[in-house]
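Data first, discussion second: the structure below is written as C-alpha cells.
The values are calculated or read from the model by the stated rules, or taken from the named source; none is laboratory data. Nothing here was measured: the structure is a model prediction, and the numbers come from that model. Please note: Cβ atoms are built from the backbone with ideal geometry, for glycine as well, and neighbour counts cover all protein chains shown. All accessible areas refer to the heavy atoms of the entire protein, side chains included, with ligands and DNA or RNA removed. Shrake-Rupley method; radii C 1.70, N 1.55, O 1.52, S 1.80 Å.
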Amino acid sequence: MSIFDEISELVQKGKVKDIAGAVKGALDGGASAQQILDDGLLAGMAILGEKFKNNEVFVPEVLLAAKALNEGTALLKEKLVAEDVKPLGKVVIGTVEGDLHDIGKNLVKLMMEGIGFEVFDLGADVSADEIVAAVKENNADIVALSALLTTTMGQQGVVVKALEAAGLRDQVKVMVGGAPITEKFCKDIGADCYTVDAAAAAEAAKSLVGA
Ligand code: B1M
C-alpha cells in the first residue's frame, strides 16, 4: 500500500492520533504537501463522502474523519504557506449560517494565506451580521463564503444583500464556493466570483485585488 493510500485509509477510519505520524512520514519520504493533500487526505474524504451518501457510514464517523483531515492539513500548512510575504489584501472568510462544513473553507483559507493574503477566519455557521461587522472592523477587500448544503447556499445571497444594506458592497468583492454552488448561482445572487476549488479561489482573489 502506498503512503497516500495509507493516509486515505486513516482519514476514512478517523484515526486522528495516527494521522500526524503518517503525514510526517510522507513529507520525510519526499512527497509534496500538495500530493499528500490531494492523493491522501482529500482522496480519503471523497471515498468516505460516497459511503456517507449511500448510508454506509454516519455522522459520527464523518466527524472523526473531518477531524483527522483537519489535523493532517494543519501539518501541511507551513509547506503550503509562503513565509514573509507582503499581504496582497485582506479577506474575511466563513461558512455561512446554518452550515457546519468547514474543511473546504479551511483549504481556501490555507491557499489564500499561501499566496500572501491576510485572512480573518470567522469559522462555520456565521451570520450575515457577523460578516458585515468583520468587513467593517478589518477593512476587508474580499469576503469569501463557503456553503456545502442546498439548504444553506441561499445564505450567500443574504450576505450580499446585508453588505449592500450596510453600504459596503462597493468596497468589497464577494467570492462564493462550495459543492452546490455554480457560476449561474453566483451571478443570480449578485456575487463577484465563483471558483470550483481552493487553489482557483486563491488565484481569483489575486485578480480581484488587481495583484
Ligand atoms: Co455533510 N453533507 N452533512 N457533514 N458532508 C455533505 C455536504 C453531503 C453532500 C453528503 C451527501 O449526502 N452526499 C450532504 C449535502 C447534501 C445537499 O445539501 N445537497 C451533507 C449532509 C446532508 C449533511 C447533514 C444534513 C447530515 C445530517 O445531519 N443528516 C449535516 C448538516 C450539518 C450542518 O452543516 N448543519 C452534515 C454534517 C456533516 C459533518 C458535520 C458530519 C461533516 C462536516 C465536518 C466538518 O466540515 N468539520 C460532514 C462532511 C465531512 C460531509 C462530506 C462527507 C465531505 C465534505 C468535505 O469536507 N469535503 C460531504 C460529502 C461530499 O462532499 N462528498 C457532505 C472535502 C472538502 C475539501 O470539499 O467542502 O466541497 P468541499 O470544498 C471544496 C470545494 O467545494 C471548494 O473548494 C474545496 C476543494 O478545494 N470550496 C470553495 C469550498 N468552499 C469554497 C469557497 C470558495 C471557493 C471554493 O470561495 C470562497
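Any chance you could tell me what percent of the C-alpha pair distances in region 90-210 go past 20 Å? Each step should come with its number before you reach the end.
Working: 2183 of 7260 pairs.
Taking all Cα-Cα pairs of region 90-210, the fraction more than 20 Å apart is 30 percent.
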R0 of 30 Å, Cβ-Cβ distance residue 207-residue 184: FRET efficiency to nearest 0.05: 0.90
Solvent-accessible area, 1.4 Å probe, carbon plus sulfur percent, for the chain: 52 percent
Computed FRET value (nearest 0.05) for residue 137 with residue 164, which takes r as the C-beta separation and R₀ as 22 Å: 0.75
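Once you've got the Cα coordinates, tell me which of 15/51; 79/105; 13/105; 136/184 are over 24 Å apart.
136/184
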Angle between the chain longest axis and helix 43-53 axis [Cα atoms, degrees, rounded to 10]: 80 degrees
Gained length - residue 58 relative to residue 77, 0.36 nm times residue gap less alpha-carbon distance: 4.0 nm
Computed [θ] at 222 nm, helices only, for the chain once each DSSP H run of length n ≥ 4 contributes -39500 (n - 2.57): -16000 deg cm²/dmol
Rel. contact order, % - alpha carbon contacts under 8 angstrom, at least six apart, region 90-210: 28 percent
Distance from region 1-77 to region 189-211 (C-alpha centre basis), Å: 27 Å
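Within the P(r) computed for region 3-82, what percentage of the Cα pairs occupies the region above 16 Å?
Values: 1336 of 3160 pairs.
I get 42 percent for the Cα pairs in region 3-82 exceeding 16 Å.
May I ask you to work out the translational diffusion coefficient for the chain at 37 °C, viscosity 0.692 mPa s, via Stokes-Einstein with Rh from the Kirkwood sum over Cα pairs, reported in whole µm²/s? If you can, show how the numbers build up before the last one.
Numbers: Rh = 17.6 Å.
Once the numbers are plugged in, D ends up at 186 µm²/s.
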